[in-house]
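Presented below is the structure to which this report refers.
The values are calculated or read from the model by the stated rules, or taken from the named source; none is laboratory data. Everything quoted here is computed from the prediction, not taken from an experiment. Using ideal geometry, Cβ is built from the backbone for each residue, glycine included, and neighbour counts are taken over all protein chains shown. The protein model used for the area step is the full one, side chains on, heavy atoms only, and it has no ligands, DNA or RNA in it. Shrake-Rupley method; radii C 1.70, N 1.55, O 1.52, S 1.80 Å.
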2 protein chains.
Amino acid sequence: MTKHTSHEIDIVKSDTTKIDAVDFDNLTFGRTFTDHMFICDFENGEWQTPRIMPYQPMTMDPSARVFHYGQAVFEGMKAYKDDDGKVWLFRPIDNFNRINKSAARLAMPEFPEDYFMKGLTTLLQMDSAWVKPGKGNSLYIRPFIIATDPAISASPSNNYRFMIICAPAKAYYTGKIRVLIAEEYSRSANGGVGFAKAAGNYAAQFYPTSLAQEKGFQQVIWTDADTHERLEEAGTMNVFFRINDTLITAPLSDRILDGVTRRSIIQLAEDNGIEVQVRPITVTEIKEASKNGSLKEIFGAGTAVVISPISAFEHAEELFELPNIENSYADTLKDKMLSIQHNMAEDKHGWRYMV
Amino acid sequence: MTKHTSHEIDIVKSDTTKIDAVDFDNLTFGRTFTDHMFICDFENGEWQTPRIMPYQPMTMDPSARVFHYGQAVFEGMKAYKDDDGKVWLFRPIDNFNRINKSAARLAMPEFPEDYFMKGLTTLLQMDSAWVKPGKGNSLYIRPFIIATDPAISASPSNNYRFMIICAPAKAYYTGKIRVLIAEEYSRSANGGVGFAKAAGNYAAQFYPTSLAQEKGFQQVIWTDADTHERLEEAGTMNVFFRINDTLITAPLSDRILDGVTRRSIIQLAEDNGIEVQVRPITVTEIKEASKNGSLKEIFGAGTAVVISPISAFEHAEELFELPNIENSYADTLKDKMLSIQHNMAEDKHGWRYMV
Ligand SMILES: Cc1ncc(COP(=O)(O)O)c(C=O)c1O
Ligand SMILES: Cc1ncc(COP(=O)(O)O)c(C=O)c1O
């Protein structure tokens, strides 16, 4: 196993474990947390000694800047256990790089790579019983950074807290989802923070998403704020369109999150001889393709769901149903991803990382 | 004095006061808070009994949604004391209405008006010694609502906390400021949350503002994300342009905060025979007006500063200096605002509200 000395982390182990009270077959996503958490505070211009301690509430001043100005960024990643009981991460350096890209855009200090990797792996080693084996089972990992300065002036904080908390996640089959294409609301602006996993990007989507849900659509596919013509991404997923046998996904920009799953799907598709086009794709194009029968599939791609097939979309009050097809790219690519993540298939790009 | 029964608020008075340790002549904005704070929790679908208690840190779960998804909104208002020791608010209902407009956009429950007004006035009565008399002295008031649900699923919280905290603010003369006009970064999108006082809008500005500050500009004037031609507002101020003897300010939209100061300045200008145009105003127009000498003044307007005169702006690496003029609208209007706020002038629109 990869060696990780942990003498630089102050560790307080929990005397007890909550794991026996957890029903791993009936988990609500993101409500149950493991026994420990990782904390590292930024004070006096530097990251202090990291700590791992029992998962517990923390004390914050009501004036802490995160409450007032949303100076907060996060990541979402997963750990998987193989049949030998080994725990794996998937491209963790990509998440590390992205949290620092997000942090920089929000005027927050970058977190050091060795603290991140050592904190993450030590925490996972301590809570490894919470990672259940089996394709689809996983431990969802949430690194995040919040501004803790007790002062409400509208300027960057001096103090920050980096944390990692972990929640076991059960693979559950949600079925195909129906999506609404945004015509009025939008997720991000040119020159804005859409490419960052900035906390405020998510709250901004709750209300328009709830309107979509009232109409029977689980998610919104965001379009550009300017013309609402270019298809961008969903709330927590990048989006792929299959027209005939070509997979198309929007190019990255400062409005779109650079998803680790998106990047991996593009590579896996190419590895499997599927043509991928990374280019602007418009609402008009997919409506026409749907009408002439060339639109075969749409699916979302993100860490939480891996791949989420879409059965229908609505735009301008018009509903478009996707066909039921055999050999769907969504199914094939999801299976390939899961197999790599769970150490059940060759990992030719070196994406797996042993804890 | 307006009567406020407080029997519906659970009150715990502080045994001591911190006020004697405060140097009111040397206050850093937003770092010193009064003796008490107001709290009201939303649980089981309703706002619970409000409480006033000694200002103190609070306990939050690391998974509280505000940390992850920026589901948080706030307000900024001020209390003023007149020479008779009476404490006044300025158009508090406008702030009440706005926090609920912000809350609705972020899928948060609206706060009841009687809880807001009673909480605010009771808190100010208890901490009235913290409001210092004299034009320019004030107590800055920060109502805010945060999502407290301990769960990291990306959906609206079930539980919220509404709070009011107060910080004494010393009038300090900052001098005129220099501003940079945004050409690349932007503050908000069509269909986004720019019109709301959503926490995430502020963190998003920190980095571009810090770049402006490195170049010697205190603030950024944001332009539309699409063309960067239309002038919108500054970080915490709406913006007015005086061309010849006409005041111009951008129209409201879903990208711009509907400022109470902006609204009041428009009214006061009209009361004083100054022509006001609420219409789109472009970068090209003010550059030309500056070159031909018709651009007389630019100023920001917001609760914190009342009015902040601007001495120069830069766009496309070109610097434009504003002239020094006598009888500036900024000075006249600021003085009129302060006189009304401090109960030193007739309040013909009924803007003052006695605590
Ligand atoms: C806005 C957004 N887009 C896309 C994704 C997918 O990114 P990843 O594949 O790295 O999980 C996420 C989140 O995880 C997201 O929040
Ligand atoms: C973005 C923004 N614009 C304008 C203003 C001015 O609004 P008001 O006059 O209500 O304080 C504020 C804040 O206070 C603000 O945050």
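Our note on the geometry: Cα centres of segment A:201-233 and segment B:294-324, 37 Å apart. Each residue of segment A:234-246 was assigned a 3J(HN,Hα) from its phi angle through the Karplus expression (A = 6.51, B = -1.76, C = 1.60, θ = phi - 60°), giving 9, x, 9, 9, 7, 10, 10, 10, 9, 10, 6, 10, 9 Hz with x at Gly and Pro.
Tell me the Kirkwood hydrodynamic radius of segment A:207-355 in angstroms, computed as one over the mean inverse distance between distinct C-alpha pairs. That comes to 16.0 Å for segment A:207-355.
Using a cutoff of 8 angstrom between alpha carbon atoms and counting only pairs six or more residues apart, the relative contact order for segment A:177-341 works out to 24 percent. Computed from the C-beta positions of B:T49 and B:S210, the FRET efficiency with R₀ = 35 Å rounds to 0.25. Amide H to amide H, with H built 1.01 Å from N, B:H36 comes under 5 Å of B:Y55, counting only residues 5 or more places away or on other chains. For segment A:128-142, the Karplus equation 6.51 cos²θ - 1.76 cosθ + 1.60, evaluated at θ = phi - 60°, returns couplings of 5, 4, 7, 8, 8, x, x, 4, x, 6, 6, 10, 7, 10, 10 Hz by residue, with Gly and Pro reported as x.
Normalised per residue, the accessible area of segment A:11-67 is 49 Å², obtained with a 1.4 Å probe and no contribution from ligands, DNA or RNA. Spread over its residues, the convex hull of the C-alpha atoms of chain A is 144 Å³ per residue. Remark: accessible area buried at the B-A interface is about 4800 Å², both chains counted, probe radius 1.4 Å. Pick from A:N44, A:N95, A:N137: which residue has the top mean-square fluctuation in a GNM of chain A where Cα pairs under 10 Å get a spring? Answer for the Gaussian network model of chain A: A:N44. Across peptide B:145-154, the average count of Cβ atoms from other chains found within 10 Å of a residue's Cβ is 5. In chain B, the portion of solvent-accessible area held by carbon and sulfur atoms comes to 46 percent [1.4 Å probe, whole percent, DNA, RNA and ligands not counted].
Phi angles of segment B:193-209 translate, via the Karplus equation with coefficients 6.51, -1.76, 1.60 and θ = phi - 60°, into HN-Hα couplings of 10, x, 6, 8, 7, 8, 3, x, 4, 7, 4, 5, 8, 4, 5, x, 5 Hz per residue; Gly and Pro are given as x. With distances taken between every two different alpha-carbon atoms, the protein assembly as shown has a Kirkwood hydrodynamic radius of 27.1 Å. Note that segment A:115-180 presents 29 Å² accessible area per residue, ligands and nucleic acids not counted, probe 1.4 Å.
Highest mobility in the GNM of chain B, judged by mean-square fluctuation with C-alpha springs under 10 Å and restricted to B:H315, B:H36, B:H342, is found for B:H315.
Of the residues making up segment B:198-220, those losing 50 Å² or more of accessible area when the isolated chain is joined by the remaining protein chains, with a 1.4 Å probe, are B:A203, B:F206, B:Y207.
Comparing each chain alone with all protein chains together (probe 1.4 Å, DNA, RNA and ligands left out), the residues of segment B:180-196 losing at least 40 Å² of accessible area are B:S186, B:A189, B:N190, B:G191. In chain B, the DSSP beta bridges split such that about 80 percent are antiparallel, to the nearest 5. Ranked by the mean number of other Cβ atoms within 10 Å per residue, highest first, peptides B:323-331, B:149-157, B:77-85 order as B:149-157, B:77-85, B:323-331.
Relative contact order of chain A: 19 percent, from C-alpha pairs under 8 Å at least 6 residues apart in sequence.
Of all beta bridges that DSSP places with both ends in segment A:177-341, some 70 percent have antiparallel geometry. For segment A:1-143, the alpha-carbon coordinates run over 44, 32, 28 Å along the three principal axes, in decreasing order. Angle, helix A:113-126 long axis vs. longest principal axis of chain A, Cα atoms, 0 to 90°, nearest 10? Approximately 80 degrees, to the nearest 10.
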